[in-house]
DNA sequence: TTGCAAAGTTAGGTGTTGCTAACTATATTA
DNA sequence: TAATATAGTTAGCAACACCTAACTTTGCAA
């Protein structure tokens, strides 16, 4: 029951972990500078975050060293990425929102919604897109397009 | 262009404003103690928040005085309440989630989603519930209930 | 190989949001 | 109206998440 390990991550730390996941996923090693750019924070802030994530045993990190995810870190990061993906998919595929808005909104909402909501949302997307009896997403697109038109 | 007025509210301040809205809505005057209880924070924290909201001209407040919303405050508060309601309705009426989970999730997500997302979500709820051609919400309920059953 | 630019860290500071403890003001009620 | 309980405030502190400026380390190129 190591104290550093058990408390759940802040939204901020989730963001760091998510970026590290994406950077190390694409072949690259996660470099401090890229993390900073990815999140729009200073390099100094990244150093602080890396220390925290390292204390929580989510990343392997030593000053001036390379950053990699631990097994636990990868699991945690993937949970966040999955939440993000479900939300983004919902915003785009069900609500028909613009891709940029969808991504930004997913980034902010992914920290606020628990597994119960995300899981149900995933089911909902599956249900609507797999549904044989009429294309609900398309119908909705027509619905809100009509709504937005001027009355004339 | 008063500096205090233009910056947008933090999630915290939105929460305070929302509680004040609800308290003053139900006939009562918003009392510091009730705000504290409503948000689960100390009375001292409430005092600090009231000062901030007062500086932003969202509430009328003087030490030891009564708290009321200004016109601008009521408008801002109502925006937040509306976001909350749309989310809660979506979670309950579309996703079929438990009322408690729905309320908690709406409380957290209401600060993360902008008017574009909320507006589209409102349209979606309207579209699905008003739709003549089959009850999608009910079908989905059956869908995820079946999903959750053990395989045997 | 040395010498410089880029990357990373440290030190110190700010703003936000919360806390507790101790104080003051207000309201109740005996 | 005076005592006392309740409500509200102040002061002081802590955690978090960020910043800039100055420093150190690293790696590449001449």
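Values as computed for the structure displayed
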item: Close pairs from segment A:92-115: first within 17 Å of residue B:107 (Cβ to Cβ) and more than 7 Å from every other protein chain (Cβ to nearest Cβ), partner surrounded by fewer than 17 Cβ atoms within 10 Å (Cβ to Cβ) and at pLDDT 95 or above, Cβ under 7 Å, at least 6 apart; result: A:111/A:11
item: Selection from segment A:36-46 of residues that are in contact (Cβ under 8 Å) with a residue 12 or more places away in the chain and either closer than 27 Å to residue A:118 by Cβ or surrounded by fewer than 15 Cβ atoms within 10 Å (Cβ to Cβ) (or both); result: A:38, A:39
item: Selection count, segment B:9-53, where residues are in contact with a strand residue (DSSP E or B) (Cβ under 6 Å, 6 or more places away or on another chain) and more than 21 Å from residue B:104 (Cβ to Cβ); result: 3
item: Residue satisfying all of: in segment A:8-47; more than 8 Å from DNA strand D (Cβ to nearest atom) and within 14 Å of chain B (Cβ to nearest Cβ); modelled with the lowest pLDDT among these; result: A:8
item: Filtered residue count, segment A:109-118, keeping only those that are surrounded by 18 or more Cβ atoms within 10 Å (Cβ to Cβ) and assigned to a helix (DSSP H, G or I); result: 3
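The values are calculated or read from the model by the stated rules, or taken from the named source; none is laboratory data. Since the structure is predicted, the reported quantities are computational estimates derived from the model, not experimental observations. All Cβ positions, glycine included, derive from the backbone under ideal geometry; neighbour counts span all protein chains shown.
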